[in-house]
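Structure first, commentary second.
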Amino acid sequence: MSRWHKNKQSAVTSVSNTDNFSQAVLNWFAVNGRKDLPWQQKTGAYSIWISEIMLQQTQVDTVIPYFRRFMQQFPDVNSLANAPLDSVLQHWSGLGYYARARNLHRAAQVLCEQHEGQLPQNLEALCALPGIGRSTAGAILALAFEQRQSILDGNVKRVLCRYYAISQWSGQSAVTKQLWELADKHTPMQQVAAYTQAMMDMGATVCSRSRPHCDLCPLATGCQALAQDIIKNCPAPKPRKPLPERQTRMLMLQTLGSGDILLSQREQQGIWGGLWSFPECPAEQTAEHWCAQHLGITINKPDKKHYWPVRQHCFTHFRLNIEPVHILLDATESQKITDLLVTQGNSLWYHPQQEAHFGLAAPVAKLIQQLK
Ligand code: SF4
């Protein structure tokens, strides 16, 4: 029986130092909370840390298979710190927000250098690690070490905003400050791990963004947004400007005989940092001109059928319109590219049927699938 199941017996009896809010949340968790998530079966701060980073921006159901594969490959801080970044990115491929993977890798190295491979048990030291903010640090301390620390992720913000009928955008600094105070006020002295998990679960499954199930909510009797019928306004969405659009052309250079395609590693900084991708040509330049200028090869002007339909990839701060161009190379052209780029080490020939041992950006992985 995991410790999450054991909470069932203790939560339903009143816990001292809890207020009505936290007691109601704990009682709800004892019956309805998620207790069989893979990171709840493994004790230890490492698995909690990995899951918390994966769960930033990503839903539980998506995270589960990634978490399992990641833990199998990197079962502890040392194995993560000593792994090549390419391998870490490969296990992150498809989860998005790759800075999270780069930060995990770097943080694991810092833990080995400065903390004997262990996650520190205090907020300040955790927050000093790459990729760990106050809420993630609070979650690690509460879930792994049962320390009384509050969290304020997107789900908790939404529950608190609705319970207190706070209708401003939760990212405003005064609102964030108020929410941290409320989060702290309701965090109980005991059963803090169960309470923390409960708040995350409540926000994800009951007080969901678009369709809250107030009839199932343990906080319904005190919820001010429900009483005032203003749930849809709480909290206000982030004010958004229309996202700018950028254009690029991805050159899918493929050898005629073997079917290998050329991939190059991107700079560590910037979008898809450290991942492998097709060479990119600015939209205002033709593919044949780019190939002559950067690869020293002469290719025939691609005709319409070589230009695949434009697809759009959304980042948080812009939309990228990608126009893939499929270019077949003869042996002489491939050899020139090998001599010029592949021998340098940051480009390679990759066969679409091969298993990739490095990270691929999601649109690149999809294009490779189509090339198969
Ligand atoms: S009563 Fe409804 S709006 Fe209020 S906290 Fe519960 S689910 Fe959210």
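The values are calculated or read from the model by the stated rules, or taken from the named source; none is laboratory data. As the structure is a computational prediction, the values presented were derived from the model and not from experiment. Cβ placement follows ideal geometry from the backbone for every residue including glycine, while neighbour counts extend to all protein chains displayed.
Asn27 fulfils the conditions (1) at pLDDT below 95; (2) part of a helix (DSSP H, G or I); (3) over 24 Å from Cys314 (Cβ atoms); (4) of a type in the set (S, T, N, Q) except for a single criterion, (1). Within the stretch 228-249, being within 30 Å of Gln369 (Cα to Cα) and either crowded, with 20+ Cβ neighbours inside 10 Å or within 10 Å of the ligand (Cβ to nearest atom) (or both) holds for one residue alone: Arg249.
Only one of the listed residues (Ala204, Ala198, Ala225) is at pLDDT below 95, in the same structural domain as Gln40 (by TED's automatic domain parsing), buried (at least 17 other Cβ atoms within 10 Å of the Cβ) and within 16 Å of the ligand (Cβ to nearest atom). That residue is Ala204. For the stretch 65-74, name all the residues that are surrounded by 15 or more Cβ atoms within 10 Å (Cβ to Cβ) and in a helix (DSSP H, G or I). Passing the criteria: Tyr66, Phe67, Phe70, Met71. I'd like to check something: does the stretch 318-329 contain any residue that is exposed (fewer than 14 other Cβ atoms within 10 Å of the Cβ) and free of Cβ contacts under 8 Å to residues at least 40 places away in the same chain? No, that holds for no residue.
For the stretch 207-222, the set of residues classified as more than 9 Å from the ligand (Cβ to nearest atom) and either farther than 13 Å from Leu160 by Cα or without any contact (Cβ under 8 Å) to a residue 12 or more places away in the chain (or both) consists of Ser210, Arg211, listed by residue number. Anything in the stretch 296-324 that is under 21 Å from Ile368 (Cα atoms) and in contact with a Lys or Arg (Cβ under 6 Å, 6 or more places away or on another chain)? List them, or say none. Within the stretch 296-324, Gln312, Leu320, Ile322, Glu323 qualify.
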